1. Anything in segment 273-310 that is under 28 Å from Ile401 (Cα atoms), open to solvent by 30 Å² or more (accessible area, probe 1.4 Å) and at pLDDT 95 or above? List them, or say none.
2. Which number in (1) within 16 Å of the ligand (Cβ to nearest atom); (2) open to solvent by 10 Å² or more (accessible area, probe 1.4 Å); (3) of a type in the set (Ser, Thr, Tyr) marks the one condition that Tyr240 misses?
3. Mind counting the residues in segment 370-395 that are closer than 16 Å to Asn257 by Cβ and not hydrophobic (A, V, I, L, M, F, W, C)?
4. Could you check, for segment 389-402, whether at least one of its residues is open to solvent by 10 Å² or more (accessible area, probe 1.4 Å) and under 14 Å from the mean Cα position of the chain (by Cα)?
5. Would you check if there is a residue in segment 299-316 being over 10 Å from the mean Cα position of the chain (by Cα) and within 16 Å of the ligand (Cβ to nearest atom)?
6. Give the residue, chosen from Gly253, Gly231, Gly263, that is on the phi > 0 side of the Ramachandran plot, touching a residue at least 60 places away in the same chain (Cβ under 8 Å) and in the same structural domain as Met160 (by TED's automatic domain parsing).
7. Regarding segment 289-297, can at least one residue be identified that is touching a strand residue (DSSP E or B) at 6+ places or on another chain (Cβ under 9 Å), closer than 26 Å to Ala345 by Cα and either more than 13 Å from the ligand (Cβ to nearest atom) or not aliphatic (A, V, I, L, M) (or both)?
Amino acid sequence: MRTIFLAICSCLLVASFNHQAVDAVAIIDIETMDLETLEKTKKNPAFSWWSELGDSLVVGGLHKKLLESGLDFQNMWSQLLAEDLVLVVAGHRHELPAGMKLIAQSGRIMLATQGQGLESNDHMKVMKFEKNKTYVESSTHSRKQHSLNTEQSSIVKAIMDEVDVVRWYGDVATLTNWNRHISSVDIVSARDWFKSQFESLNPASVTLQKFSVSGRDAWNVVATFNPTEAGDIYVVGGHYDSISEQTSRAAPGAEDNASGSAGVLEMARVFASRKTSATFIFIVFSGEEQGLWGSKAYVRSLPTNVKSRIKAVINMDMIGYSTDDSEDVLLETSRDFKHLTDQFATAASLVPGLRYFTTFNPFGSDHMPFIDNGIPAILTIDNDWGSYPAYHRTTDTIDKISREMGAAILKMNVAALAVMAGAE
Ligand SMILES: [Zn+2]
């Protein structure tokens with residue numbers, strides 16, 4: 001027995017020193033590959049596993065076999081196994097801790113080599129990597145069949161046309177004039193501005209919801225339209241507080257998140273007088289940057305019979321930055337609410353030039369307290385924010401904001417809400 005064992009062992013030893021048995025991980029660029037070709041590529045006998053990550057197909061197998069496959073790889077790492085990898089969702093900056101190597105990335109989702117004892121924290125979620133799984137699906141290879149008839153499409157398009165991107169951009173600029181860090185006196189001016197903007201739309205109510213962040217007062221601004229006893233409720237939200245490396249000096253937060261909170265206001269204008277049986281609640285949250293305090297306080301305040309009537313929550317956090325002239329949006333929710341990504345994918349297909357990416361590893365923004373309480377919620381975020389140099393800095397100013405990016409996400413969200421709520 002012992003002899004045989006040794007014999008097997010030495011065989012393996014010989015094999016492992018032989019180049020043929022070395023494992024490798026490689027990347028294939030699938031940005032423009034159609035779904036059929038992608039599915040065929042995944043079945044290539046040279047691969048022992050694959051992983052779909054937006055514009056990248058990550059594959060693993062014997063180094064020699066990968067080289068012999070004749071495929072065009074963007075990158076390849078020899079002596080790397082699937083077991084060496086982890087999935088990281090960036091909550092804040094995208095820099096990986098020292099010792100970790102980035103293998104592939106789509107927006108805030110990164111595939112990396114394992115760091116020593118790396119665990120999830122406030123800034124990143126670290127997950128076990130599983131083979132043969134789609135982590136981020138791009139609209140280029142969407143499995144979704146878009147399903148709006150011609151009449152629906154024309155109604156929805158008419159509503160989308162009411163988005164006024166110049167007005168939204170002007171509001172983003174207005175908000176950047178205030179330091180909106182929760183320790184700044186100026187954030188009260190931003191709060192009151194939102195309140196009066198909502199009031200001018202004649203909602204049933206506008207309330208300031210006060211809560212406390214480490215002993216400091218903070219406020220959500222909540223505008224409710226068409227409240228009913230038992231009807232469906234749709235919530236649109238985004239945080240208006242901001243942060244920077246020097247909050248005592250300035251925290252203009254143009255992208256993060258004047259863009260999204262001004263988006264909430266712009267959507268309120270579009271839906272304020274729409275005929276529908278649903279209730280619309282538009283909220284701008286505070287205390288997000290210190291740990292989602294505003295959205296947590298709001299969810300905590302909801303009676304059970306209201307929670308169960310909420311059909312969807314749309315969170316906008318950073319909707320105005322693009323590194324290039326292609327508009328990319330990330331649709332993020334939990335797998336329980338997959339129907340939301342399907343609905344938003346349909347909506348995105350109505351916006352010319354907008355590419356979308358879907359993922360089911362939600363993290364780190366105001367959609368989380370809703371999802372954690374079983375309420376369907378989705379984050380809509382531009383997919384380039386991770387490479388935004390002014391992120392959380394005093395330089396996050398209006399000149400960095402793209403009207404086209406903001407308009408694309410707003411129109412998608414307006415279309416999705418119009419369809420879900422049956423707006424006319
Ligand atoms: Zn934010």
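The values are calculated or read from the model by the stated rules, or taken from the named source; none is laboratory data. Bear in mind that the values here come from a model prediction, so they are computed numbers and not experimental data. Don't worry about glycine lacking a Cβ; one is built from the backbone with ideal geometry, like all the others, and counts go over all protein chains shown. These area figures cover heavy atoms from the full protein model, side chains too; ligands, DNA and RNA do not enter into them. Shrake-Rupley method; radii C 1.70, N 1.55, O 1.52, S 1.80 Å.
1. Trp293
2. For Tyr240, the exception is condition (2).
3. 11
4. Let us first name the residues in segment 389-402 that are open to solvent by 10 Å² or more (accessible area, probe 1.4 Å), namely 389, 391-395, 397-402.
Filter once more, so that each one left must be under 14 Å from the mean Cα position of the chain (by Cα): none.
Within segment 389-402 (the criterion being open to solvent by 10 Å² or more (accessible area, probe 1.4 Å) and under 14 Å from the mean Cα position of the chain (by Cα)), the answer is no, since none of the residues qualifies.
5. First pass over segment 299-316, keeping only residues over 10 Å from the mean Cα position of the chain (by Cα): 299-314.
From what's left, within 16 Å of the ligand (Cβ to nearest atom): 313-314.
Taking every residue of segment 299-316 in turn, at least one turns out to be over 10 Å from the mean Cα position of the chain (by Cα) and within 16 Å of the ligand (Cβ to nearest atom).
6. On the way: Gly231 fails: on the phi > 0 side of the Ramachandran plot; Gly263 fails: on the phi > 0 side of the Ramachandran plot.
So the residue among Gly253, Gly231, Gly263 that is on the phi > 0 side of the Ramachandran plot, touching a residue at least 60 places away in the same chain (Cβ under 8 Å) and in the same structural domain as Met160 (by TED's automatic domain parsing) is Gly253.
7. In the first step, residues of segment 289-297 are kept if they are touching a strand residue (DSSP E or B) at 6+ places or on another chain (Cβ under 9 Å); the result is 289-297.
If we keep only those that are closer than 26 Å to Ala345 by Cα too, we end up with 295.
Restricting the remaining residues to those that are either more than 13 Å from the ligand (Cβ to nearest atom) or not aliphatic (A, V, I, L, M) (or both) gives 295.
Within segment 289-297, one or more residues are touching a strand residue (DSSP E or B) at 6+ places or on another chain (Cβ under 9 Å), closer than 26 Å to Ala345 by Cα and either more than 13 Å from the ligand (Cβ to nearest atom) or not aliphatic (A, V, I, L, M) (or both).
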